[in-house]
Amino acid sequence: MPGSSAGFFARLFRKRGAASGEAVTSAREATETDPSAGPNVASAGKPQPGAPAGLHAAATPAEFPSGEAGERAGAPPAASGGAPGNVTVVALEPHAGLATLCAALEYRLDGHNLQVRGAGPGLMRAAFDGMLTDADVLVLLAPATAATTGTFQEKLDWLVANDSAGLVDRTVFVVNYGADDDGGGALELPASLARPVVVLPFDGALSLPAQQQRAPRRAARHALDQLVAEVATIRAGR
């Protein structure tokens, strides 16, 4: 081959090699600057055919419908449940175990969107304190004495006579044997009483919560579960 032709092809190959090297260097620099860029990713952020999974570019807010981008970005969920309902526990006698029952109810009603509050002793005092006005459920708590349980129907009649007739169908009676100093006796319940009556048996874990660090026994737990079921049924019917 003549020397002039050989020199021409040598120069041609050197130019092509230099151009190819510059293209490879530019592609490597672009990849190092933007890791999402690469031979398999198109300029629009979507993979070319044959690209391996996981190379999709992150979608931009402009690709979502109006308002959807904020939700996908981690917007806080809407509050649920609304305003909590009120369970008013009224002690019919001064030492009926009000604080203990309220604590037990509050623990078991967790998640029901209900708040428990104690009142009394006596319906009149609870009414004066405004505890009956917005009550969703009324729990009347009494010691296990015939003198108190025999007046249950009178308590319902009192509600009707004092502008609280709507509470009659939302009332549950609780008889607390843990508050009976005489060791229990025969109860007197009016034959015409239509409202539920829950009997809470004596349990050291409930009558002495500061000294007993154990869970209530089976009978007490069953009675509390029955009370919670009555409260939830009344609440659901509102």
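On inspection, residue 179 qualifies as modelled with pLDDT under 90 and within 23 Å of residue 126 (Cβ to Cβ). Restricting attention to region 182-202, the residues that are assigned to a loop (DSSP other than H, G, I, E, B), modelled with pLDDT of 85 or more and either touching an Asp or Glu at 6+ places or on another chain (Cβ under 8 Å) or open to solvent by less than 70 Å² (accessible area, probe 1.4 Å) (or both) add up to 7. Scanning region 149-168 for residues that are open to solvent by 10 Å² or more (accessible area, probe 1.4 Å) and touching an Asp or Glu at 6+ places or on another chain (Cβ under 8 Å) yields one hit, 150.
Residues in region 147-155 include at least one that is acidic (Asp, Glu) and free of Cβ contacts under 8 Å to residues at least 60 places away in the same chain.
The set of residues in region 111-124 that are farther than 20 Å from residue 155 by Cα, open to solvent by 60 Å² or more (accessible area, probe 1.4 Å) and at pLDDT 90 or above contains only 115.
The values are calculated or read from the model by the stated rules, or taken from the named source; none is laboratory data. Predicted model only: the values in this text are computed from it and were never measured. Cβ coordinates were reconstructed from backbone atoms using ideal geometry, including for glycine residues, and neighbour counts include every protein chain displayed. Just the protein is used for accessible areas: all its heavy atoms, side chains included, with ligands, DNA and RNA removed. Shrake-Rupley method; radii C 1.70, N 1.55, O 1.52, S 1.80 Å.
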